[in-house]
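The values are calculated or read from the model by the stated rules, or taken from the named source; none is laboratory data. Please read these numbers as outputs of a predicted model, since none were measured by experiment. Because the Cβ atoms are built from the backbone with ideal geometry, glycine has one as well, and the counts that use them run over all protein chains shown. Side chains are part of the model used for accessible areas, which takes the heavy atoms of the whole protein and leaves out ligands, DNA and RNA. Shrake-Rupley method; radii C 1.70, N 1.55, O 1.52, S 1.80 Å.
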Amino acid sequence: MAASPHTLSSRLLTGWVGGCVWYLEGRAIQESPHKFIHLYRNVNKQWITFQHFNFLKRMYVTQLNRSLNQQVKPKPEPVASPFLEKTSSGQTKLEIYEMKPLSAPNLPLSRKPNEKELMELESASIVEGSVDAGKETKGEKQWKEMKLQVADLPGILARLSKIKLTALVVSTTAAGFALAPGPFDWPCFLLASVGTGLASCAANSINQFFEVPFDSNMNRTKNRPLVRGQISPLLAVSFATCCAVPGVALLTWGVNPLTGALGVFNIFLYTCCYTPLKRISIANTWVGAVVGAIPPVMGWTAATGSLDAGAFLLGGILYSWQFPHFNALSWGLREDYSRGGYCMMSVTHPALCRRVALRHCLALGALSAAAPLLDVTTWTFPVIALPLNLYISYLGFRFYADADRASSRRLFFCSLWHLPLLLLLMLTCKRRPDRGPAS
C-alpha cells in the first residue's frame with residue numbers, strides 16, 4: 001500500500017520535529033482544494049466553470065509555444081463601385097507581379113533556417129506583394145464623374161416631378177371641371193389642366209429636394225434622381241421654380257384668381273406643412289388628404305369661378321378616398337417608413353390606421369348618396385355606385401379585422417380602380433341644366 005507524501009517526509013524526521021512536520025503537511029493537504037476554489041472565484045462570487053479552465057489551458061499552450069503565431073490573411077480587393085472605373089476599360093491588360101528576391105541576412109550557409117525564420121520570410125513577401133498590388137490598383141482606378149446626358153433629362157425630370165401622381169392630380173382636376181354646371185369651355189379647361197399639372201410638378205420636386213437624406217434610407221425611394229445624384233439640387237430647385245411660376249400665372253390670369261390662389265395654397269401646404277410634418281406627427285396623413293382634395297375643387301372653381309356645395313362634395317370624396325388608399329399602402333411599407341424616420345399611422349398607431357381606413361370606406365358610400373341631394377348627379381348614381389362602395393367597404397372591414405400584407409394589398413389595388421370608376425359614373429349621371437321653353 002502506497003504511503004502518503006506527508007508520511008514519507010515525517011519518517012525522515014523522528015521525535016518531536018517529525019510529529020510537527022506530519023501535522024502541518026496533513027493540514028495543508030486538507031485545505032488546499034478550498035484555497036484553490038477561492039483563488040479562482042470571480043468578482044460576482046460565482047464558482048469556477050469549465051470556460052475558466054479552458055481559458056487557462058489556452059493561455060498555457062500559447063505561453064509554451066510562442067512560435068505559434070496567427071497568420072493574418074491579406075484583405076481581398078474591394079468590389080469596384082459603379083462610380084469607379086479603370087482607365088483602360090476597353091483593353092484587357094495582363095498584369096505580371098514579379099517576386100522580389102529576399103535576402104536573408106545574418107544566416108550562415110552552414111545551417112538551414114528553422115521554421116520560425118521561414119515563416120517570417122513568407123509573411124514579409126506576402127506583405128510586400130499586397131502593398132505593391134494595392135499601389136497599382138489605386139493608380140488604375142479613379143472616380144467616375146456623373147455626366148448628365150441630354151437624352152436622359154426628360155425621364156429624370158419626369159421621375160423628379162412624380163409624373164404618375166401628377167397625372168392623377170390633373171385627372172381629378174379635369175373631373176371637377178367636367179362635373180361643374182354650365183357649358184364646357186375648352187380653352188379654360190386646357191389652361192386649368194396645364195396650370196394644375198405644372199403646380200403639381202413644382203410641389204413634388206420641392207418635396208424630393210427636402211427629403212433626400214431620408215429617401216436614401218428607404219428601398220421605395222432610394223432610386224430617386226436626387227438620391228442617386230443624377231441631377232444636382234440646384235437643377236431640381238430651378239426646375240421647380242420654372243414649373244411653379246408659369247403654373248400659378250396660368251391659373252391666376254388664364255383661368256381666375258380663385259383657382260390661382262388655391263394652387264398657391266396647395267403648393268405651400270404640400271411643401272411647407274405636409275413634408276416636414278411627416279417626421280413629426282401622424283397628423284401628416286390628414287394634411288396630405290387635404291392636399292389631395294384640393295385639385296377637384298380647383299377644377300370646379302375654374303369652370304364656375306366660385307366655391308359651391310358641389311366643389312366641397314368632390315373634395316370630400318377625394319379626401320375620404322385617400323385614407324384607405326394610403327393606409328393600405330403604408331401598411332406594407334412599415335419597415336421602410338420606420339427606417340426612413342417617418343412618423344406614419346401604420347408604424348406608430350396601427351390600430352388607428354385600420355379604424356380610419358374602414359371609417360372613410362364607409363364615408364364614400366354616404367358621400368355618393370349626397371351627390372343627388374346637392375344637384376350634382378341624378379339619383380341613378382348612388383344606386384349604380386352602391387356595389388363599388390360596398391366592395392371597398394368589405395375590403396376595408398377585412399383590413400380592419402385581420403390586417404396583413406394580403407388584405408392591405410387587396411384594399412390598395414381596389415382603391416386604384418375605385419376612384420376612376422366612381423368619377424366616371426358621376427360624369428355619366430351628371431345632372432343636366434334645365435332648358436327653358438323654345439321661343
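Suppose each label sits 7 Å from its Cα in the direction of the beta carbon; what would the S232-K164 distance come out to in nanometres?
3.1 nm
Keeping the other protein chains in place, figure out the carbon and sulfur percent of the accessible area of region 149-307, with a 1.4 Å probe.
Solvent-exposed carbon and sulfur of region 149-307 make up 73 percent of the total.
Based on the Cα coordinates of region 308-432, what is the per residue volume of their convex hull in Å³?
Spelled out: Cα convex hull of region 308-432, divided by residues, is 94 Å³.
Multiply the residue separation of T378 and A283 by 0.36 nm, subtract the distance between their alpha-carbon atoms, and state the gained length in nm to one decimal.
The T378-A283 span can extend by a further 30.6 nm.
Got the relative contact order for region 252-364 handy, in percent, Cα pairs under 8 Å and 6 or more residues apart?
Relative contact order here is 26 percent.
Could you state the accessible area per residue of region 283-364 in Å², with a 1.4 Å probe and every protein chain left in place?
I get 31 Å² per residue for this part.
Using the Cβ atoms and a cut-off under 13 Å, what net charge is assigned to the surroundings of W379, where Lys and Arg are +1 and Asp and Glu are -1?
Taking every Cβ under 13 Å from that of W379, the sum is +1.
For N217, what is the net charge nearby, where nearby means another residue's Cβ is under 9 Å from its Cβ and Lys, Arg count +1, Asp, Glu -1?
Spelling it out: positives minus negatives among the neighbours equals 0.
Relative to the present Cα-Cα distance, how much length would full extension add between A369 and L329 at 0.36 nm per residue of separation?
Between A369 and L329, full extension yields an extra 11.7 nm.
Given the options S330, L362, L390, identify the residue whose Cα lies farthest towards the positive end of the charge dipole of region 306-426 (+1 on Cβ of Lys, Arg; -1 on Cβ of Asp, Glu).
Working it through, the farthest residue towards the positive pole turns out to be S330.
Can you pull out the trypsin sites (Lys or Arg not before Pro) in region 174-233 whose DSSP state is coil and whose Cβ has at most 16 other Cβ atoms within 10 Å?
Passing both the DSSP loop test and the Cβ count: R220, K222.
What spacing in nm lies between the two simple spin-label points modelled at K430 and F413, each 7 Å away from Cα in the Cβ direction?
Going by the 7 Å Cα→Cβ label model, 3.2 nm.
What ratio of Cα Rg to 2.2 N^0.38 Å holds for region 149-307?
1.06
Considering only protein heavy atoms and a 1.4 Å probe, what is the carbon-and-sulfur percentage of the accessible area of region 308-432?
That share works out to 66 percent.
Give the calculated FRET efficiency between F312 and A406 to the nearest 0.05, with a Förster radius of 35 Å applied to their Cβ-Cβ distance.
E between F312 and A406, to the nearest 0.05, is 0.45.
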